[in-house]
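Accompanying notes for the structure given below.
Throughout, read-outs are computed from the coordinates displayed, never taken from laboratory work. Quick caveat: nothing in here was measured; it's all calculated off a predicted structure. Cβ: placed from backbone, ideal geometry, glycine included. Neighbour counts: every protein chain shown.
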Amino acid sequence: MHKTSESETEFSDQEKEITVTAEKVMVIKMPIIIHQNQNQRPGDDAEFAKLKAELERLSDPHGERRGYLFAKRLFDIVFSAAVLLGLGPILLLIALLVFIDDPHGSPIYVQTRVGQNGKEFRFYKFRSMVVNADAMLCALEDKNEKSGPVFKMKDDPRITRIGRFLRRTSLDELPQFLNVLLGTMSVVGPRPALPGEVAQYSEYHRLRLLAVPGLTCFWQTCDNRDAVEFEQWVDMDLKYIRERNLLLDIKLIFRTVKVMLTGQGT
């Protein structure tokens, strides 16, 4: 985990451009909020307070976007139910392959994640790692290839043979449609983080928790998404919270299907 300096939090006048796809069809431009000390609480800063108030207003289910948020939830229920019913045989086949590859644990991995407004929930996915993967993490911390409060390692030794395929195609995420049906996740939204990661968030990072977490997002549809730095990832999530609408959600879903079919995400 990288160390930050002790100087005060400041805001830059420049804009950051993040290319989301190889075709460069979408460029994200957002003001950069530079957190030189992640332990600081920049709530007194007028610019940060303005940004936070805007995102809170746009995430209020009874506010100006209540129509969109209602339609989004209705879409989540119908779409997730259709996927779980329609892909039932494929889900069973994947579960069987996971068990055959590593019969020492359940094919479904259940984990605690942090949802909207910091509320924790049970998160489901196909197991793509060995049974004792969490216990092995401490020994691998020095091999973390990503800055910020996330762990990413290209050749993670904990990943099983079938797990590599599932991760490359994002098929390991399919059980999360149950989370979507239950309302703890949405089809589109910021990816849910681990409690240990959220504990290291700056105030700026915590703004991504204002939205219901999702199966897919801007980051999920990036080419080589594991190369995206965490600060850019957060910028993408806040851009989504600001600009989201049903058309954008549908576009991200189609782009996610493309990434799954081509294996471009990792």
In debye, nearest 20: dipole of the range 48-262 around its Cα centre with unit charges on the Cβ of K, R (+) and D, E (-)?
-> 500 debye
Relative contact order in percent for the range 48-262 (Cα pairs under 8 Å, 6+ apart) equals 23 percent
FRET efficiency for Leu96 and Lys258 from the Cβ-Cβ distance with R0 = 22 Å, rounded to 0.05, comes out at 0.25
Most exposed first by the Cβ proxy, i.e. fewest other Cβ within 10 Å, how do His205, His104 rank?
-> His104, His205
Please arrange Glu231, Glu56, Glu243 by counting, for each residue, the other beta carbons lying within 10 Å of its beta carbon, fewest first.
-> Glu243, Glu56, Glu231
Quick one: Met136, Met185, Met129, Met236, fewest Cβ neighbours within 10 Å first, how do they rank?
-> Met136, Met129, Met236, Met185
Report the label-to-label distance for Leu140 and Lys251 in nanometres (one decimal), using points 7 Å from each Cα along the Cα→Cβ vector.
-> 3.5 nm
With a ≥ b ≥ c the root eigenvalues of the C-alpha gyration tensor of the range 48-262, is it rounded (a/c under 1.5), prolate (a/b larger than b/c) or oblate?
-> oblate
